[in-house]
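Here's the structure we're looking at; comments come further down.
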Amino acid sequence: MKKNLAILLSIIVLLALGTCDKATKSADEYWKSGSALYDVENFKGAIKEYKSLCKFYPKDDYAIKAAFSIAEITKNNLKDYSNAIKLYQQIEVKYPLSEKSPNALFMIGYIYANELNDHGKAKKAYKYFIDKYPDHVLVSSAQWEIDNMGKTLEELQNTELN
């Protein structure tokens, strides 16, 4: 009896472990589930769904959106800026041709400048972004950030008045 129970438990464990590496939903379902969790402010749950989407459907159109959403949640909602930078860097590496890749590079500079106050790294990140995407709509914003980094609100207001 004990032997049969041990075999049965072993089979259940193996089946459970086997399903961990298989998608249980479509890419669309992972996306919708992640979005629904985000809407009710279950940010960690949303990230989990988006990570599953990226893992099981890395070439799906939703994958880049999910990867960017993970980075955005990490930055905006979890306030984990160092990890957000890593996530944005991964987007550039994994999805270099995506329309989200330039935005990810811009956000790296933004976090360094506005959240971490590391102006040296911010300038380097913004310059890399400008060099790589010289015609992107955010280039003027990146250049403005470089030109005005470290200035007080009063200094910025005086600059605008002149």
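Since every read-out is calculated from the coordinates, none of them should be taken as a lab result. Note that the structure is predicted; figures quoted are calculated from it, not measured. Cβ sites come from the backbone with ideal geometry, for glycine too, and all protein chains shown count toward neighbours.
Overview of results
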| item | result |
| --- | --- |
| Whether the chain is rounded, prolate or oblate, judged on the alpha carbon gyration tensor where a/c under 1.5 counts as rounded | prolate |
| Listed residues Phe56, Phe68, Phe106, most fluctuating in the chain (Gaussian network, C-alpha, under 10 Å) | Phe56 |
| Selected from Glu72, Glu145, Glu41 as most flexible by GNM, with the chain as the system and alpha-carbon contacts under 10 Å | Glu41 |
| Volume per residue that the Cα convex hull of the range 95-162 spans, once the total is divided by residue count, Å³ | 88 Å³ |
| The chain - charge dipole about Cα centre, Lys and Arg +1 at Cβ, Asp and Glu -1, debye rounded to 20 | 1120 debye |
| Calculated FRET efficiency for the pair Gln157/Lys59, C-beta based, R₀ 41 Å, to 0.05 | 0.25 |
| Additional length obtainable on full extension of the chain from Lys127 to Lys44, 0.36 nm per residue less Cα span | 26.6 nm |
| Most mobile listed residue (Ile108, Ile64, Ile130) in the chain, GNM with C-alpha springs under 10 Å | Ile130 |
| For Lys25, distant residues with modelled amide H under 5 Å away | none |
| Stretch gain in nm, segment Tyr81-Asn148, where the contour uses 0.36 nm per residue and the Cα spacing is subtracted | 22.0 nm |
| Mean projected area in nm² (Cα convex hull; one quarter of hull surface) for the range 47-130 | 5.0 nm² |
| Longest exposed-site-free window of the chain, the sites being trypsin sites (Lys or Arg not before Pro) in a DSSP loop that have at most 11 other C-beta atoms within 10 Å | 80-162 |
| Simple Cβ-charge dipole of the range 95-162, Lys/Arg +1 and Asp/Glu -1, about Cα centre, in debye nearest 20 | 320 debye |
| 222 nm mean residue ellipticity, helices alone, for the chain (DSSP H n ≥ 4; -39,500 (n - 2.57); rounded to 500) | -23500 deg cm²/dmol |
